[in-house]
Structure formats: structure tokens, C-alpha cells
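Q: Below are the C-alpha cells for one structure; questions will follow.
The values are calculated or read from the model by the stated rules, or taken from the named source; none is laboratory data. As the structure is a prediction and not an experimental result, all values here were calculated from the model. Cβ: placed from backbone, ideal geometry, glycine included. Neighbour counts: every protein chain shown. Keep in mind that these areas ignore ligands, DNA and RNA; they rest on the heavy atoms of the full protein, side chains included. Shrake-Rupley method; radii C 1.70, N 1.55, O 1.52, S 1.80 Å.
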Amino acid sequence: DGGDSGEGTVGINLSGAWICDDGFVAFVQERVECYKTPPNRICCEMTGTAAITNLTQATALIRELKKMGCRFSLDVFGSGMSSFAYLKHLPVDYLKIDGGFVKDMMDDKIDCAMVEAINHIGHVMGIRTIAEFVENDEIVAKLRAIGVDFAQGYGIEKPKAVW
């Protein structure tokens, strides 16, 4: 998804240290200006653990960068059930469903139910969902039936060099 520009998304994986770095917003602003990257093409991604551990800082960082036009994804969601309580406080755009549930969802009813529940909660909150570890056409079809918005994995496309 390339945001509003029709081009690809630039993904930035944020560590807990970056979430807590007071200079990170200025750093992103400098890079946006330097490389002439439209902010709507930038999607910052943080793990649920990093966000929960640094909830106040993560929320503030998300709000500041969203003011610039950046988007946010919460990665590997669902691996800790406490994530549901914290999700209400994080203004993210995307919710990545933990691939541990996705990869076995065709053989495990509980994993399938977890994918459905996470997708449903995300949509109720107005958050688009991304399934990780999508490895075959059968999983792709099931995710479409459930209504998951995006998918990542070898079943979609094998990784390839961009240059």
C-alpha cells in the first residue's frame, strides 16, 4: 500500500530506544526534507512489546509523526493477550496479525479464531489489518474470506532485490 501517492511505502522498524529518543521526530523531519519523501509514504512499525513497554512515549511519538502525515503499524499483534487492552490507546493505522497464528490457521481452529478476532477488533477500531507469514493460496483465500486487508509472505511474493 503506497498511501495516497500511488508509490510504494517506505517502512521504518522502530526499536524501543528510538521510541524513547526525544530527537527522533526531528531526525525523521530532516530525512523527509533531505530525500524528498512524502510523509504519507512512510510507515513506521513497532512491536507490541516495544509499544506497551514505552506506552506514553510510543503514543506521543505516533501522534507527532502522524501530524507530519506518516502512518503506523503495530507488528506481531496477538502474541501477548494484554495487547488488546493497550491497543485502545495506540493510534495506529495498521495491525499486523502475528504470523504464528496465520501459518497454522488452516489446521488449528484456535489459530483461525485468533486471526478472525484480531481482524475484527482492528476493523471495529478503524485499523486496517495485515496478516504475516502467508505461505500458500489456501491461506490467502481464507484471509480474504475473513476480510483481512493485506498479506505478507511467500504465498504472496518471494522477497526480491529492489535494485
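Q: What do you reckon, is Val115 over 19 Å from Ile52 (Cβ atoms) and aliphatic (A, V, I, L, M)?
A: yes
Q: Which of the residues belonging to region 33-62 are over 14 Å from Pro91 (Cβ atoms), open to solvent by less than 80 Å² (accessible area, probe 1.4 Å) and either in contact with a His (Cβ under 7 Å, 6 or more places away or on another chain) or in a helix (DSSP H, G or I) (or both)?
A: Selection gives Pro39, Asn40, Arg41, Gly48, Ala50, Ile52.
Q: Filter region 1-21 for residues that are charged (D, E, K, R) and farther than 27 Å from Phe84 by Cα; which is modelled with the highest pLDDT?
A: Filtering region 1-21 for residues that are charged (D, E, K, R) and farther than 27 Å from Phe84 by Cα, the one modelled with the highest pLDDT comes out as Glu7.
Results for (1) more than 23 Å from Ile42 (Cα to Cα); (2) touching a His at 6+ places or on another chain (Cβ under 9 Å); (3) modelled with pLDDT under 95, shown as yes or no for each residue.
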site	(1), (2), (3)
Asp93	no, no, no
Lys96	no, no, yes
Asp108	yes, no, no
Met114	yes, no, yes
Val124	yes, no, no
Asn136	yes, no, no
Ala141	yes, no, no
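Q: Can you name the residue in region 101-129 that is in contact (Cβ under 8 Å) with a residue 12 or more places away in the chain, open to solvent by 20 Å² or more (accessible area, probe 1.4 Å) and within 15 Å of the chain's Cα centre (by Cα) and is also nearest to Gly153 (Cα to Cα) among such residues?
A: That would be Arg128.
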